[in-house]
Amino acid sequence: GPQVAAVVAILGFQACKDAYQDWQRHKQDLEINGRKVHVYRGSAEVQERRWDELLVGDIVRVDVNTEIPADLLLLSSSKENGQCFLETANLDGESNLKLRSSHPITVEYTTPEKLQNLKIEIDADEPLVRLYEWDGSIVMGEEEAPLTIENFLHRGTLLRNTKYVYGLVLYTGHQTKYMLNISTPRHKTSKLEGILNYCLLGIIAFLVVMCVVSAVIGVVV
């Protein structure tokens, strides 16, 4: 009857709406993962790779006003002191820039040719949800030194006031702090959805009552 048709229509509308939102999220993921970055993988020759093709241990170059594609160890920058500035609004909503520094061991490795000869070992924490907690160590030859969050570049932050940086990929994809901190978005119900939900509940309640009444009448008759 018309009541059943109304229920089907409402459920169909909700299903279409949910499918559209899922498609939009999928489309956004494809756009982000499809972004290109300059990668140096085992040689001084630059390669263009998608974000989702990055591997732990890759060396990447990120230019000013560009988003960091993975969690990186800052190796060097265009500044002589190896420092850079990050905009972290995508992570924590803060508009002030944060200073990050290269470790003295790697600060002079400022070209692809020099980076090709960089021989280091990195011991780092397992992926952590906490945004500003990270520790590790760097070893070059007989020299070993600690690493801290001050040497860390978060995926999703923007490089500011620094022409370029070189970074070593530490974590990619869902192991990055950015992805670990993405929670399921809270579903916001519009007024129209609220009205439709109440209508749906009312129709279902009406149908249940009608079924009970019909069953009782059938037994009596």
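The number of residues in region 100-132 being farther than 19 Å from residue 60 by Cβ and in contact with a Leu (Cβ under 8 Å, 6 or more places away or on another chain) comes to 3.
From the list 60, 64, the lone residue that is surrounded by 17 or more Cβ atoms within 10 Å (Cβ to Cβ), β-branched (Val, Ile, Thr) and either over 20 Å from residue 113 (Cα atoms) or in contact with a strand residue (DSSP E or B) (Cβ under 7 Å, 6 or more places away or on another chain) (or both) is 60.
Here residue 136 fulfils each of the conditions (1) surrounded by 14 or more Cβ atoms within 10 Å (Cβ to Cβ); (2) within 26 Å of residue 65 (Cβ to Cβ); (3) of a type outside the set (A, V, I, L, M, F, W, C) apart from (2). Here residue 95 fulfils each of the conditions (1) surrounded by 14 or more Cβ atoms within 10 Å (Cβ to Cβ); (2) not in a helix (DSSP H, G or I) apart from (1). Only residues that are closer than 20 Å to residue 95 by Cα and within 17 Å of the chain's Cα centre (by Cα) were counted across region 134-175, and they come to 8.
Taking region 38-48 as the range and being outside any loop (DSSP other than H, G, I, E, B) and under 21 Å from residue 120 (Cβ atoms) as the test, the residues that pass are 38, 39, 40, 47.
Where a number appears in this text, it was derived from the coordinates with a stated rule and is not lab data. Nothing here was measured: the structure is a model prediction, and the numbers come from that model. Because the Cβ atoms are built from the backbone with ideal geometry, glycine has one as well, and the counts that use them run over all protein chains shown.
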